[in-house]
Structure formats: structure tokens, C-alpha cells
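Structure in C-alpha cells, see below.
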Amino acid sequence: MLKTPSLTATPASGHAEGVSNDEFRAAMSRLAAGVVLVTAQEPPLDPDDPNAPAMEDVGMTATAFMSVSLDPPLVLVSLREGSRMDDLLDEQPLWAVSVLSESQRHIAGRFAMKGRISDRLLFDDIPYLRGEATGAPVVGGALATLECRTEQRVPAGDHTLVIGRVLTAHVPSADGGPLLYFRGRYRQLG
């Protein structure tokens, strides 16, 4: 007779019995994910500075991004709770996504750095346009770009799932393959 595993209660740590952070992280690193740059605009950090731009561009590399629905067109991005992008999208509903190509690894790395320099400097030498619906930067040479308006925010553990309605979708570049993240590194197909 085959025994089925019993369901165990989840301890106060939030993990099922026997699953450590390291084990979970190692298992999930075996799932290849596409890499995107999520961007939005926020009011100037120093509104009293007469030289400050009217809006500041903010960007964040994400690998937890997916299509949710075709009708209506919805996408989802997972943001670390309390991160700058999570806080910004809690106040500001308009954002954009650039699906990065394999030649844009440097962009993904730049916007994923911990303790990084100001976002204004990060955008400095990256070709981008302003999204027509959001004003957010969309990266030149990206495989696809989407502009979104937040429809729903769902708390999920130490992350927030942000579901956005797609306002515009463009495929500006058919060149190259996608940038992937697998086993803790950026990779390409092939």
C-alpha cells in the first residue's frame, strides 16, 4: 500500500516543516526566468531644489514577471515588500516594463545592484524613450515594452504582487534572444 505524505502545519517561521530558505532558493534557482526592467516616475526627491527635474525616473530589474490575462490584458510583477519600487507603485499607479534582450545584461545588472547610486545616473547612458501612456522610460532595443496601470496589489509573504492592466504593448526589436536568469546568473538561449 502506498503511503501519501501527511500535510503538516506550517510553523511560525512561515516555512513548511523541513524547508529552509537555502533549500527553497536552490530549488527555485532551477526555474529559468525572463528578465525585465520595471520603470516608473516619482516626484523629485528634493522639491525645493530649483535644478531638480519635474519627475525622477526609477528602475528595477525583475525576474518574477508574467502574463496573467488576455481579456483584459493583465500582467503581474512581484516586488520585495518595502522596496523603493513597491513603495512607489503603492502611491503611483503608472509604470512600464521593458523585456530585456540578451545584449542588455549590463542594464539588468545595473538596476539590480544593492546600495547603488541614484537612478538618475543609472539611466544616464541608456537609450530610452518615454512611454506614451505613462511617461515612464522604456528601454531602446528591448524585445518588447509594456505600459501598465496598477489594478490590484496583493500581499504575498515578503513580497507584493502588483497586477497591472496593459495600456500599450510594442515589439520594437526582433533582434536577438531573451535575457534569462538561471541558477543565480544571467544567461542566454543556446
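The values are calculated or read from the model by the stated rules, or taken from the named source; none is laboratory data. What you are looking at is a predicted structure, and each value in this text was computed from that prediction instead of being measured. We place every Cβ from the backbone using ideal geometry, glycine too, and count neighbours over all the protein chains shown. When the accessible area is computed, the model is the full protein with side chains, heavy atoms only, and any ligands, DNA or RNA have been set aside. Shrake-Rupley method; radii C 1.70, N 1.55, O 1.52, S 1.80 Å.
Taking GLU151, is it out of contact with any helix residue (DSSP H, G or I) (no Cβ under 6 Å at 6 or more places or on another chain), closer than 23 Å to LEU70 by Cβ and not in a strand (DSSP E or B)?
No: the conditions fail for GLU151.
While we're looking at this one, here's another question. What pairs come out if I take residues in segment 122-142 that are touching a residue at least 12 places away in the same chain (Cβ under 8 Å) and pair them with residues that are open to solvent by 80 Å² or more (accessible area, probe 1.4 Å) and part of a loop (DSSP other than H, G, I, E, B) whose C-beta lies under 6 Å away, six or more apart or interchain?
Qualifying pairs under 6 Å: GLY140/PRO127.
Per-residue answers, yes or no, for (1) open to solvent by 50 Å² or more (accessible area, probe 1.4 Å); (2) modelled with pLDDT under 95:
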residue: PRO72; (1), (2): no, no
residue: ARG120; (1), (2): yes, yes
residue: ILE126; (1), (2): no, yes
residue: THR134; (1), (2): no, no
residue: ALA142; (1), (2): no, no
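Any residue at all in segment 172-184 that's open to solvent by 90 Å² or more (accessible area, probe 1.4 Å) and among the small types (Gly, Ala, Ser)?
yes
Let me ask another. For the structure I just gave you, tell me whether SER78 is assigned to a strand (DSSP E or B) and under 10 Å from the mean Cα position of the chain (by Cα). Write out each step before concluding.
Working: assigned to a strand (DSSP E or B): yes; under 10 Å from the mean Cα position of the chain (by Cα): yes.
For SER78, the condition - assigned to a strand (DSSP E or B) and under 10 Å from the mean Cα position of the chain (by Cα) - is met.
Then there is this: Just one of SER83, SER98, SER67 is under 14 Å from the mean Cα position of the chain (by Cα), under 25 Å from GLY177 (Cα atoms) and without any contact (Cβ under 8 Å) to a residue 24 or more places away in the chain; which is it? Give the derivation first.
Details: SER83 fails: under 25 Å from GLY177 (Cα atoms); SER98 fails: without any contact (Cβ under 8 Å) to a residue 24 or more places away in the chain.
So the residue among SER83, SER98, SER67 that is under 14 Å from the mean Cα position of the chain (by Cα), under 25 Å from GLY177 (Cα atoms) and without any contact (Cβ under 8 Å) to a residue 24 or more places away in the chain is SER67.
Let me ask something else about it. As an exercise: evaluate ARG105 against (1) closer than 19 Å to ASP125 by Cβ; (2) open to solvent by less than 30 Å² (accessible area, probe 1.4 Å) and give the number of the one condition it does not meet.
It fails just one condition, (2).
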